[in-house]
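Single-structure report; data block below.
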Amino acid sequence: MTTTPTESPEAATPPPGSGPAANTARTATKVSQGHRRLLTRRDRLTLGLMAGLPTFLHVALVWVTALASIALAFTTWDGIGFDSIKWVGLDNFKELFTNNPQFWPAVEHNIVWFVVLILIPTPLGLFLAVQLDKNIRFSRVYQTAFFLPVVMSLAVIGFVWQLIYNPDTGLINSIIGANEPGRYIDWIGDPDLNLWAILIAASWRHTGYMMILYLAGLKGVDPSLREASALDGANEWQTFKNVIFPTLRPTNTVVLVVTIIEALRAFDLVFVFNKGAEGTELLSILVTNNIIGESSRIGYGSAIAVVLLVISLAVIIPYLIATFRKERRA
């Protein structure tokens, strides 16, 4: 008769430190120690440089210069030696708001810039995005063609449109027959036309920017919404108006903020065309002319820059607050 040996409870109990949990802890400790051994002093120095150098440059070139500009807005300084800095309080702002004949026209032109960008290239960019979202043939080629002006330098765009607007050999005057003596149309030199001519060039670029933003938003729309709308008998326009467009609310907010910032920081095109003279004054042009111009009124130019900063923050801060609140709720 065969007897099966039985183990006592003491023999069946594993010794302390030999269970699965203990093995996992030892493995984690070994991995952690291995990582510590892999992170040498040279690695820590490299990581410190990779993180510290960009941080230093960002603080020095962005925050320090911004705070210095705010401080200089309450002074007069010709830029020659720090001894010539004199505190004048709010005198720069008083002169800016009351005695500068270019300030309010510049503000008006920035507002016109924003209105034109929001009314013409933004709807056009949305229309192109809707068409390209249908996965039409050669859609990648069209996207590249429409987005190409966005990646081009604004200075290059300005030179290209200067050739188009040239009174003698320009494309527009050649087409409408206005390149003959006595019939010239000076698109850049005429104060009644030059701002609108520059805005056409700006809108040409801005359309591709808006197209990409809206196309990204359309790619995030749930396809089931379109299917449900089609089952309800809605046509394409009704689907877009009642279903698709309301879901693009976050994209519309981004588009609005981006367009306002683009209107406020407009500089390159105007400077390339005619340096902001004869009806194309902008706040950014006034800042540049006063700080690095012949007069070199750094304090006064800084005051204009502070006004531009306050307008920008009035738009950006509410957007950031709304974004953070939405993230907290999610």
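The values are calculated or read from the model by the stated rules, or taken from the named source; none is laboratory data. Model, not experiment: these values are computed from the prediction. Neighbour counts run over all protein chains shown; Cβ positions are idealised from the backbone, glycine included. The protein model used for the area step is the full one, side chains on, heavy atoms only, and it has no ligands, DNA or RNA in it. Shrake-Rupley method; radii C 1.70, N 1.55, O 1.52, S 1.80 Å.
Can you give the helix-only mean residue ellipticity at 222 nm for the chain, where every DSSP H stretch with n ≥ 4 adds -39500 (n - 2.57) and the sum goes over all residues, rounded to the nearest 500 deg cm²/dmol? If you can, show how the numbers build up before the last one.
Working: 17 runs with 221 residues, N = 330.
Estimated from H runs of four or more residues: -21000 deg cm²/dmol.
Looking only at 192, 91, 222, which one moves most when the chain is put into a Gaussian network model with springs between Cα atoms under 10 Å?
Top of the fluctuation ranking is 222.
Just how large is the dipole of the stretch 56-213 about the Cα centre, in debye to the nearest 20, putting +1 at every Lys and Arg Cβ and -1 at every Asp and Glu Cβ? Display every interim value, and only then the final one.
Working: 7 positive and 11 negative charges, 160 e Å.
It works out to roughly 780 debye.
For the peptides 228-235, 66-73, what is the packing order when you average, over each peptide's residues, the other Cβ atoms within 10 Å and list the highest mean first?
Values: 228-235: 12.0, 66-73: 16.0.
Highest-to-lowest ranking by the protection proxy: 66-73, 228-235.
Let me confirm the definition first: pairs of Lys residues in the chain, 8 or more apart or on different chains, C-alpha distance under 18 Å. How many are there?
On the way: 86/94; 134/219; 134/241; 219/241.
Summing the qualifying lysine pairs gives 4.
For 50, 210, 152, write out the residues from largest to smallest accessible area, computed with a 1.4 angstrom probe and no ligands counted. Intermediate results must be reported in sequence, preceding the final value.
Details: 50 125, 210 0, 152 55 Å².
From most exposed to least exposed: 50, 152, 210.
Could you work out the local net charge near residue 193, counting Lys and Arg as +1, Asp and Glu as -1, over the other residues with Cβ closer than 13 Å to its Cβ?
In short, -4.
Which log10 I(q)/I(0) values, to two decimals, does the stretch 37-168 give at q = 0.13, 0.16 Å⁻¹ under the Debye formula with one point per Cα?
The Cα Debye sum returns log10 ratios of -1.02, -1.07.
What would the Debye formula give as log10 I(q)/I(0) at q = 0.06, 0.07, 0.11 Å⁻¹ for the alpha-carbon point model of the chain, no solvent?
-0.41, -0.52, -0.97
Quick one: length gained pulling residue 178 to residue 56 fully straight, 0.36 nm per residue minus the C-alpha distance? Before the final figure, lay out each step's value.
Working: separation 122, 0.36 × 122 = 43.92 nm, distance 5.49 nm.
Computed gain between residue 178 and residue 56 is 38.4 nm.
Arranged from highest to lowest average of other beta-carbon atoms within 10 Å per residue, in what order do the peptides 314-321, 156-163 appear?
156-163, 314-321
Can you give the longest run of the chain that contains no trypsin sites (Lys or Arg not before Pro) sitting in a DSSP loop with at most 11 other Cβ atoms inside 10 Å? Intermediate results must be reported in sequence, preceding the final value.
On the way: sites that count: 134, 137, 183.
Result for the longest clean stretch: 184-330.
Just to be sure I follow the definition: excluding the sites themselves, where is the longest run in the chain that has none of the GluC sites (Glu not before Pro) in a DSSP loop with at most 10 other Cβ atoms within 10 Å? Present the calculation step by step, with values, prior to reporting the outcome.
Working: sites that count: 7, 294.
The longest such stretch corresponds to 8-293.
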